[in-house]
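Trainee: Below are the structure tokens for one structure; questions will follow.
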Amino acid sequence: MDRMQVNVRLTPELIEAIDQRRIAMQPSLGRIPNRSEVIREILEANLPAANKGSGPGKRAKKA
């Protein structure tokens with residue numbers, strides 16, 4: 001899967017929310033994901049275009 005790097009600036013509050021999500025994901029993953037993984041998961045879950053195609057990192061929309 002091809003990926004492109006995108007640099008964004010986030011508020012401290014958003015960074016804190018991402019970090020809290022990272023900690024919350026630890027039990028299900030068995031490790032703490034990095035911020036990029038969390039942001040990618042949020043985008044894939046919320047943007048219709050991110051759910052097209054197949055391959056690693058693609059998830060089906062929840063009903």
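The values are calculated or read from the model by the stated rules, or taken from the named source; none is laboratory data. These numbers come from a predicted model, not from an experiment. Here the Cβ positions follow ideal geometry from the backbone for every residue, glycine too, while neighbour counts run over all protein chains shown.
Trainee: Which condition number in (1) modelled with pLDDT of 95 or more; (2) outside any loop (DSSP other than H, G, I, E, B); (3) in contact with a Lys or Arg (Cβ under 9 Å, 6 or more places away or on another chain) is the one that residue 24 fails?
Mentor: (3)
Trainee: Which condition breaks for residue 32 when tested against (1) at pLDDT 95 or above; (2) surrounded by 10 or more Cβ atoms within 10 Å (Cβ to Cβ); (3) not in a loop (DSSP other than H, G, I, E, B)?
Mentor: (3)
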